[in-house]
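J.: The structure follows.
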4 protein chains.
Amino acid sequence: MKDLDSLRVAIAEFARERDWDQFHSPKNLAMALSVEVAELLEHFQWLTEDEARELDAETLARVADEIADVQIYLLRIADKLGVDVLDACTHKLEKNAEKYPVVKAKGTARKYTDL
Amino acid sequence: MKDLDSLRVAIAEFARERDWDQFHSPKNLAMALSVEVAELLEHFQWLTEDEARELDAETLARVADEIADVQIYLLRIADKLGVDVLDACTHKLEKNAEKYPVVKAKGTARKYTDL
Amino acid sequence: MKDLDSLRVAIAEFARERDWDQFHSPKNLAMALSVEVAELLEHFQWLTEDEARELDAETLARVADEIADVQIYLLRIADKLGVDVLDACTHKLEKNAEKYPVVKAKGTARKYTDL
Amino acid sequence: MKDLDSLRVAIAEFARERDWDQFHSPKNLAMALSVEVAELLEHFQWLTEDEARELDAETLARVADEIADVQIYLLRIADKLGVDVLDACTHKLEKNAEKYPVVKAKGTARKYTDL
């Protein structure tokens, strides 16, 4: 896929061909998204932070598949709700920049970051 | 943001300026992603499927913000793991197409879809 | 198990015998709990609300297993943190009763319930 | 509450008095459970494993409230599905004991524990 919008269209076509629109209500898609994120989380649950930074190739390939599943369902729910994901992210980053101004003294990094 | 890669770079810069890289281990980011998805899910938990399709403007704006948060953390964890999200999605859609071939008889839509 | 405390003790013994205490930090257990809840959620994601009320025997048995997994990890994290689950629930129900007084006119049930 | 069954009854009464049964379908309760677990997870997302073992009193009190919320929704969904939580846990621990026999050589603790 060359960009996010091509991906959005490909996913919609994939679902349409399989008659899956009937299941893809925003409520169900939010649940499915949640399930996929947990499958990603599962790979990290018993690892130390250092181990999680050094995944072996096989685990990394599985993690990449889970990242893809999250992205696919996220685009799908956004599409069904008429939300443009890139626009929403631009808007949210602007809000975050106001909420968390850059602190010059780096040692004071907030403990609870909200990216 | 004009595309996913510009967004990835903007997020990395945002975190760097705030000295947040120290918190952004893949393990922690997987947890943060999970928390953000739940904040999205929360908007739908008591709605009927029909209500969830007809969100009022205020709720939709909040939902768009949560979708953005999920996208931002997803790009962040992928970046930290060296995963290209669009490539991962292309690969995953190909696997899904093999796993779920288009069934000609549309009435036989699988109950449990794995998009 | 005859009660929650016997269950707590059995789980601690189970983990101790297998040398699993090393993995059972509160942080990791919170992640594991999250993964188990998603496995429960997965059974409901494509069902209508009515279908979810009428699970067949096989699905219900699987759902019961997932409920058990959530209960087991919940007791485990509470134990590791020194939290008495029944006391915490009693306290929380009291707080909820103050936050959500019984409304005499039943038609005014709050849309967003926080049990 | 003196035991899990008294708690189950108190929760059912609490919901009935507030006319909340209409929202408490198993599907919705599974979502609510997932949201509550994420609120628990949120407390741990940016902490190191060591920090998460040494919560200050205020954080611990909040974490105890979240543990209570998870317990309350778990009992609620089990009740709605006719699942006895203690029986389900007993059965699941027996299955786990078969799946993960005690290994005499403790050094061989499985990396990925399924409690």
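The values are calculated or read from the model by the stated rules, or taken from the named source; none is laboratory data. Here the structure is a predicted model, which means the values were calculated and not measured. Cβ coordinates were reconstructed from backbone atoms using ideal geometry, including for glycine residues, and neighbour counts include every protein chain displayed. These accessible areas exclude ligands, DNA and RNA; they are computed on the full protein's heavy atoms, side chains included. Shrake-Rupley method; radii C 1.70, N 1.55, O 1.52, S 1.80 Å.
J.: Looking at the structure I just gave you, is C:Leu74 open to solvent by less than 10 Å² (accessible area, probe 1.4 Å) and at pLDDT below 95?
T.: Working: open to solvent by less than 10 Å² (accessible area, probe 1.4 Å): yes; at pLDDT below 95: no.
Judged against the criteria, C:Leu74 is not a match.
J.: So, in segment D:38-80, how many residues would count as being assigned to a helix (DSSP H, G or I) and among the aromatic types (Phe, Trp, Tyr)? It would help to see each step written out before you state the result.
T.: Of the residues in segment D:38-80, the ones assigned to a helix (DSSP H, G or I) are D:38-42, D:49-53, D:57-80.
Now narrow it down to the ones that are among the aromatic types (Phe, Trp, Tyr): D:73.
Residues in segment D:38-80 being assigned to a helix (DSSP H, G or I) and among the aromatic types (Phe, Trp, Tyr): 1 in total.
J.: Separate question: Scan segment D:79-92 for residues that are in contact (Cβ under 8 Å) with a residue 60 or more places away in the chain and open to solvent by less than 20 Å² (accessible area, probe 1.4 Å) and jot them down. Don't jump to the end; show me each part of the working.
T.: Of all residues in segment D:79-92, those in contact (Cβ under 8 Å) with a residue 60 or more places away in the chain come to D:79, D:85-86.
Passing the criteria: only D:Val85.
J.: Right, another one. If I filter segment D:48-67 for residues that are away from chain B (no Cβ under 14 Å), in contact (Cβ under 8 Å) with a residue 24 or more places away in the chain and not aromatic (Phe, Trp, Tyr), do I get at least one hit?
T.: yes
J.: Here's a follow-up. Take the residues in segment D:19-47 that are more than 9 Å from chain B (Cβ to nearest Cβ) and open to solvent by 20 Å² or more (accessible area, probe 1.4 Å), then tell me which one is farthest from B:Lys27 (Cα to Cα).
T.: If we take residues in segment D:19-47 being more than 9 Å from chain B (Cβ to nearest Cβ) and open to solvent by 20 Å² or more (accessible area, probe 1.4 Å), then D:Asp19 is farthest from B:Lys27 (Cα to Cα).
J.: Hey, another quick one. Would you please name the residue that is farthest from the other protein chains (Cβ to nearest Cβ), looking only at residues in segment A:1-18 that are more than 29 Å from C:Leu47 (Cβ to Cβ) and not in a helix (DSSP H, G or I)? Before the answer, list the steps.
T.: Kept after step one, since they are more than 29 Å from C:Leu47 (Cβ to Cβ), are these residues of segment A:1-18: A:1-6.
Filter once more, so that each one left must be not in a helix (DSSP H, G or I): A:1-3.
Numbers: A:Met1: 5, A:Lys2: 8, A:Asp3: 6 Å.
Filtering segment A:1-18 for residues that are more than 29 Å from C:Leu47 (Cβ to Cβ) and not in a helix (DSSP H, G or I), the one farthest from the other protein chains (Cβ to nearest Cβ) comes out as A:Lys2.
J.: Another one. Any chance segment D:104-114 includes a residue that's open to solvent by less than 30 Å² (accessible area, probe 1.4 Å), assigned to a loop (DSSP other than H, G, I, E, B), facing another protein chain (nearest Cβ under 7 Å) and modelled with pLDDT of 95 or more?
T.: Within segment D:104-114, none of the residues are open to solvent by less than 30 Å² (accessible area, probe 1.4 Å), assigned to a loop (DSSP other than H, G, I, E, B), facing another protein chain (nearest Cβ under 7 Å) and modelled with pLDDT of 95 or more.
J.: Oh, and also: Can you find even one residue in segment B:6-18 that is charged (D, E, K, R), touching a residue at least 12 places away in the same chain (Cβ under 8 Å) and buried (at least 17 other Cβ atoms within 10 Å of the Cβ)?
T.: If we filter segment B:6-18 for residues that are charged (D, E, K, R), which is where we start, we get B:8, B:13, B:16-18.
When the remaining residues are screened for being touching a residue at least 12 places away in the same chain (Cβ under 8 Å), the result is B:8.
This time we only want the ones that are buried (at least 17 other Cβ atoms within 10 Å of the Cβ), so: B:8.
Yes, segment B:6-18 has at least one match.
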